[in-house]
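Let me begin by presenting the structure, written as structure tokens, before commenting on it.
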Amino acid sequence: MRKTTVYDCSVIELDKHHHEKGNITVLENGNTIPFHVKRSYYLYDVPGGESRGGHAHKGLFQLIVAASGSFAVTLDDGKIKRTFTLNRPYQGLLVVPGIWRELDDFSSGSVCLVFASMKYDAGDYIRDYDEFLKFKSDKNE
């Protein structure tokens with residue numbers, strides 16, 4: 001696998017259908033989401049000042065959406081950091097494998113919806129930053 005960078009991650013505009021009674025955004029495997037979703041979860045009621053994430057994945061792709069409210073996602077490839085503010089439910093941040101991520105600055109009532117390309121696998125996580133840097137420097141990443 002080639003080395004991934006924060007520039008491989010981007011905000012994707014999701015299909016938004018406007019209607020006077022409310023908008024709808026549709027997500028479909030391999031179509032509006034550039035991978036097949038095997039797991040979905042959401043974060044909510046995150047106390048002020050707390051952060052989530054603080055890890056990387058070896059093989060997992062994610063699409064992170066602010067379903068409600070807003071929060072910041074800081075991505076780190078071991079050399080460069082980029083911070084994205086998510087605050088629109090029709091936008092998703094595509095995060096590729098090999099990127100350290102931290103979520104913080106949650107607004108009151110925010111909901112972070114995550115679509116993942118794999119079922120939960122503890123072995124796919126890198127939870128120690130020094131281990132992450134070693135992983136990034138390996139020729140196999």
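Name the pairs whose Cβ atoms lie under 7 Å apart, with the first residue in the stretch 34-49 and under 13 Å from residue 61 (Cβ atoms), the second at pLDDT below 95, and 6 or more positions between them or separate chains?
Matching pairs, first to second residue: 36/29; 36/30; 37/29.
In the stretch 41-51, how many are under 24 Å from residue 76 (Cα atoms), assigned to a loop (DSSP other than H, G, I, E, B) and open to solvent by 50 Å² or more (accessible area, probe 1.4 Å)?
Step one: of the stretch 41-51, the residues under 24 Å from residue 76 (Cα atoms) are 41-44, 46-51.
Cutting the leftovers down to assigned to a loop (DSSP other than H, G, I, E, B) gives us 46-51.
Then drop every residue that is not open to solvent by 50 Å² or more (accessible area, probe 1.4 Å), which leaves 47-51.
Total meeting the criteria: 5.
Test residue 108 against the criterion of being among the hydroxyl-bearing types (Ser, Thr, Tyr), farther than 14 Å from residue 4 by Cβ and at pLDDT below 95, and give yes or no. Please lay out each step first, then the result.
Details: among the hydroxyl-bearing types (Ser, Thr, Tyr): yes; farther than 14 Å from residue 4 by Cβ: yes; at pLDDT below 95: yes.
Taking the combined requirement at face value, the residue satisfies it.
Looking at the stretch 10-40, which of the residues that are assigned to a loop (DSSP other than H, G, I, E, B) and touching a Lys or Arg at 6+ places or on another chain (Cβ under 7 Å) is surrounded by the most Cβ atoms within 10 Å (Cβ to Cβ)? Break it down stepwise before answering.
At the first step, the residues of the stretch 10-40 found to be assigned to a loop (DSSP other than H, G, I, E, B) are 14-15, 18-23, 26-28, 30-32, 34-38.
Cutting the leftovers down to touching a Lys or Arg at 6+ places or on another chain (Cβ under 7 Å) gives us 23, 38.
On the way: 23: 11, 38: 15.
Only one residue fits best here, namely 38.
Taking residue 93 as the residue in question, decide whether it is at pLDDT below 95, surrounded by 15 or more Cβ atoms within 10 Å (Cβ to Cβ) and of a type in the set (A, V, I, L, M, F, W, C).
Working: at pLDDT below 95: no; surrounded by 15 or more Cβ atoms within 10 Å (Cβ to Cβ): yes; of a type in the set (A, V, I, L, M, F, W, C): yes.
In short, no.
Which residues, counting only those in the stretch 71-108, are among the small types (Gly, Ala, Ser) and in contact (Cβ under 8 Å) with a residue 40 or more places away in the chain? Step through it out loud before you land on a result.
From the stretch 71-108, those among the small types (Gly, Ala, Ser) are 72, 78, 92, 98, 107-108; that's our starting set.
Hits for the stretch 71-108 are 78, 92, 98, 108.
I'd like the full set of residues that are under 24 Å from residue 35 (Cβ atoms) and touching a Lys or Arg at 6+ places or on another chain (Cβ under 8 Å), limited to the stretch 97-114.
If the condition is that a residue be under 24 Å from residue 35 (Cβ atoms) and touching a Lys or Arg at 6+ places or on another chain (Cβ under 8 Å), then 97, 98, 102, 103, 112 are the ones that fit.
Scan the stretch 99-128 for residues that are open to solvent by less than 80 Å² (accessible area, probe 1.4 Å) and hydroxyl-bearing (Ser, Thr, Tyr) and jot them down.
Residues satisfying the conditions are 107, 110, 117, 125.
The values are calculated or read from the model by the stated rules, or taken from the named source; none is laboratory data. Just so it is clear, the model here is predicted, and its values are computed rather than measured. Counting neighbours? That spans all protein chains shown, and the Cβs are built from the backbone with ideal geometry, glycine included. Side chains included, ligands, DNA and RNA excluded: accessible areas come from the protein's heavy atoms. Shrake-Rupley method; radii C 1.70, N 1.55, O 1.52, S 1.80 Å.
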